[in-house]
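Have a look at the structure below before the remarks.
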């Protein structure tokens with residue numbers, strides 16, 4: 001890819017981003033789009049103000065949403081959205097702070113050095129962008145020590161930022177847990193593999209006997225779970241009939257108010273409503289009968305939520321082995337009630353390893369399958385190679401400028417489009433792994449997507465796009481192999497620039513525009529929900545879809561921070577745009593469906609550390625191939641220090657993210673006892689973990705979801 005292709009790609013991406021953001025700023029002013037662009041605010045009964053009647057101001061783009069996003073503080077995010085969302089936003093801030101510093105060093109020091117101190121030989125002729133990379137430095141040059149010093153600076157600065165982030169987030173986690181003392185999961189333990197009581201041949205009495213005997217001072221009560229498949233079917237039928245009744249009432253009322261329809265149509269609907277109501281009452285009686293204690297006793301599962309009188313007692317029970325057989329009475333702190341995946345609790349505990357192995361096998365096969373489109377993308381990016389493999393491609397040169405679009409813009413678009421489905425595939429696989437909570441499922445999907453991207457988008461792009469080509473050329477010129485291999489990494493810098501531009505500018509712009517929801521809303525408004533009052537489109541923040549891509553861009557930036565500093569300003573723009581876009585999304589669009597109090601950070605920390613390690617390993621190889629073995633040996637202590645730093649963080653910070661210390665639990669208990677809140681919090685915990693199959697049918701009121709009282713005109 002030459003400089004012209006890079007400029008074309010940047011121009012197209014910037015132009016599309018400006019167009020999409022302009023369209024968003026206009027569409028968000030239209031009252032009909034409030035359920036899309038203000039879903040969170042409407043769900044919380046907030047007021048969204050629009051100008052009274054039609055005005056031309058609604059058709060003028062504005063940047064007010066950007067100013068508002070820049071004015072949001074971390075304290076506001078923590079109070080309104082929780083620590084998980086704050087960590088998500090701080091990932092963008094980490095990228096901005098880190099790459100701004102790296103850009104200053106790279107652009108003011110390394111970029112001029114690479115250009116002025118280079119040989120201007122084969123590297124510059126074969127890759128026009130290589131004149132600004134480390135591959136332009138002659139072999140054995142002492143200028144490579146400047147790159148080694150910059151490598152030390154970038155690595156140490158990155159480790160320093162990671163340590164500060166880990167320490168600060170740990171303190172915020174402890175503070176957040178103190179503020180969430182009312183949460184029932186702090187008093188509750190999830191118990192699995194409960195044996196049957198020998199005396200009564202039941203599991204419920206076994207729970208009571210065990211914890212009354214071995215935790216007599218802290219045990220309070222329990223909620224055993226049941227196989228509720230039959231009840232779930234009945235409840236789903238009841239909800240379906242309820243929705244039909246609501247729809248028929250709407251149609252009946254519409255036809256009664258419309259003189260064009262005969263009254264017999266409305267009466268027909270009324271008769272159908274009465275029939276459905278009778279069916280609903282019959283279903284209610286069947287549900288009550290199925291929920292009777294006698295029938296449920298035969299459907300007991302070896303799983304229960306056990307509530308303790310204090311957080312101290314719950315913490316001790318969750319973090320200790322209950323019997324000499326570790327496969328019985330498995331205990332862990334319960335997830336939040338809203339976070340629980342009730343269906344997965346019915347999966348036998350012994351089967352979970354098989355489920356997870358199956359998921360890993362499926363994820364591996366998906367990774368192998370996607371190697372094909374990634375390799376094909378690199379074939380398009382390398383136009384000279386493409387002409388040899390596919391001669392008709394030479395026709396592209398006949399149209400002026402088309403070659404630059406094909407080689408500069410098209411490969412990154414195809415790559416981003418082909419891997420768009422990967423997060424959804426991974427979250428579907430995580431659903432089958434048997435995790436007991438949505439947060440664990442999302443974190444596991446996040447992990448799988450990240451390592452998929454590292455393997456396919458980074459390493460496979462590197463291999464298929466440059467290294468294999470270099471090895472092929474080396475068969476005819478074996479003496480040039482070291483120099484060709486040295487330029488393998490830097491040769492792909494231009495492609496990664498276009499990837500970041502497309503993923504950032506186009507990706508973030510489409511994220512805030514929500515084109516899929518706009519089309520869905522238009523279809524619903526003109527078809528099956530025509531005339532109905534709109535409800536907000538509520539979705540939770542898709543961590544598994546965003547964090548891996550952002551972490552991959554951090555990895556790419558770290559690897560190329562010393563190799564090709566020209567890429568760094570693109571990353572600063574990427575993180576700045578992502579920051580303002582997702583501040584807007586968490587404030588107005590996405591809702592919080594669970595709160596892990598920061599358990600995403602250890603994984604994000606690991607992703608960033610992987611980037612630092614790959615950067616150092618890459619530089620060790622490059623220094624060696626540049627005939628500077630002393631610089632390679634000088635980098636090894638830095639790599640060792642990084643690995644030791646990682647182990648230290650695991651010892652110092654990681655345990656507090658997965659275990660509740662006895663001291664913290666006891667301090668919270670004492671505070672509640674002094675403020676007389678313990679009894680209320682305990683009762684809340686007792687009532688919180690009622691299984692869905694034991695709850696009455698949830699019949700929604702159509703009128704309660706009206707958006708009209710939540711929107712005002714000014």
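Computed from the coordinates by the stated procedures, all read-outs in this text should not be read as laboratory data. Small disclaimer: the values here were computed from a predicted structure and weren't measured. All Cβ positions, glycine included, derive from the backbone under ideal geometry; neighbour counts span all protein chains shown.
When a/c is below 1.5 the answer is rounded, else prolate if a/b is larger than b/c, else oblate, so apply that to segment 568-639 with a ≥ b ≥ c taken from the square roots of the Cα gyration tensor eigenvalues. Walk me through the intermediate numbers first.
Details: a/c = 6.03, a/b = 2.24, b/c = 2.70.
Oblate shape, in that a/c is at least 1.5 and b/c is the bigger or equal ratio.
For residue 156 and residue 200, FRET efficiency with R0 = 60 Å and r from the beta-carbon atoms, rounded to 0.05?
Computed FRET efficiency for residue 200 and residue 156 comes out at 0.40.
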(message) Rounded, prolate or oblate, given the Cα gyration tensor of segment 287-359, with a/c below 1.5 counting as rounded?
(response) oblate
(message) At 7 Å along Cα-to-Cβ for each site, give me the label-to-label distance between residue 7 and residue 695 in nm.
(response) 6.0 nm
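For segment 281-327, what Kirkwood radius comes out of the mean inverse Cα-Cα distance, in Å? Working shown, then result.
Values: mean 1/r = 0.0707 Å⁻¹.
In segment 281-327 this quantity evaluates to 14.1 Å.
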(message) Taking the number of other C-beta atoms within 10 Å as the exposure measure, put 648, 560, 152 in order starting with the fewest.
(response) 648, 152, 560
(request) Could I have the simple spin-label model distance between residue 324 and residue 683, label points 7 Å from Cα toward Cβ, reported in nm to one decimal? (result) 4.4 nm
(message) Just to verify a number: FRET efficiency for residue 79 and residue 138, C-beta to C-beta distance, R0 = 45 Å, to 0.05?
(response) 0.20
(message) Based only on other Cβ atoms within 10 Å, what is the fewest-to-most ordering of 25, 525?
(response) 525, 25
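Stretch residue 424-residue 243 to full length: gain in nm at 0.36 nm per residue minus the Cα-Cα span? Walk me through the intermediate numbers first.
Values: separation 181, 0.36 × 181 = 65.16 nm, distance 2.84 nm.
Length gained between residue 424 and residue 243: 62.3 nm.
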(request) Grab every C-alpha pair in segment 410-455, bin the distances at 10 angstrom width from 0 up to the longest one, and report whole percents. (result) 28, 46, 20, 6, 0
(message) Suppose each label sits 7 Å from its Cα in the direction of the beta carbon; what would the residue 18-residue 298 distance come out to in nanometres?
(response) 7.2 nm
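If I stretch the segment between residue 539 and residue 212 completely, what's the gain in nm (0.36 nm per residue apart, minus their alpha carbon distance), one decimal?
Numbers: separation 327, 0.36 × 327 = 117.72 nm, distance 4.20 nm.
Value of the extension gain: 113.5 nm.
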(request) Provide the three semi-axes, in whole Å and in decreasing order, of the ellipsoid equivalent to segment 8-80 as defined by the square roots of 5 times the Cα gyration tensor eigenvalues. (result) 25, 20, 11
(request) For residue 97 and residue 338, calculate 0.36 nm times their separation in residues minus their Cα-Cα distance, and state this gained length in nm to one decimal. (result) 83.3 nm
(request) Give the Kirkwood hydrodynamic radius (Å, one decimal) of segment 157-198, defined as one over the mean of 1/r across all pairs of different Cα atoms. (result) 13.6 Å
